Amino acid sequence: MLSAIRRHLPRRPLRSTARGLFIWLQLPEKLDSEKLLPLAREEGVDFAPGNGFFPDGTGGRNWLRLNFVAQAPDQIDEGIKRLGKAVKRLLASHK
């Protein structure tokens, strides 16, 4: 999944970390994972917005949690490709 993230997501300040069964992906500061979610679903992918995992519910707005355990490598690559399309759409709406 980390390799797919490097291939398919825009080359903006992104940070990703593997923790257990998940990848935590930090988007650029100006992007909100809750605004990204409907765009990602339109592309056929889903993720957990990060703010639900922060104690106050407001931190983590630009983080998302991705599960990589339940999917085959080719499905992961396709999913990250689709997520990349959604991220690019969200970035375009901020210009």
- [ ] Return the only residue of Gly84, Gly60, Gly20 being crowded, with 18+ Cβ neighbours inside 10 Å and without any contact (Cβ under 8 Å) to a residue 60 or more places away in the chain.
- [x] Gly60
TODO: Would you tally the residues in segment 66-77 being under 13 Å from the mean Cα position of the chain (by Cα) and open to solvent by 60 Å² or more (accessible area, probe 1.4 Å)?
DONE: 2
Open item on the list: Looking at the structure I just gave you, is Asn51 among the polar types (S, T, N, Q), at pLDDT below 95 and farther than 18 Å from Pro10 by Cα?
Closed with: yes
TODO: State all residues of segment 25-53 that are under 10 Å from the mean Cα position of the chain (by Cα) and open to solvent by 50 Å² or more (accessible area, probe 1.4 Å); if no residue qualifies, say none.
DONE: Asp46
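The values are calculated or read from the model by the stated rules, or taken from the named source; none is laboratory data. Predicted model only: the values in this text are computed from it and were never measured. Cβ: placed from backbone, ideal geometry, glycine included. Neighbour counts: every protein chain shown. Remember, those area values only see protein heavy atoms, side chains included, never the ligands or the DNA or RNA. Shrake-Rupley method; radii C 1.70, N 1.55, O 1.52, S 1.80 Å.
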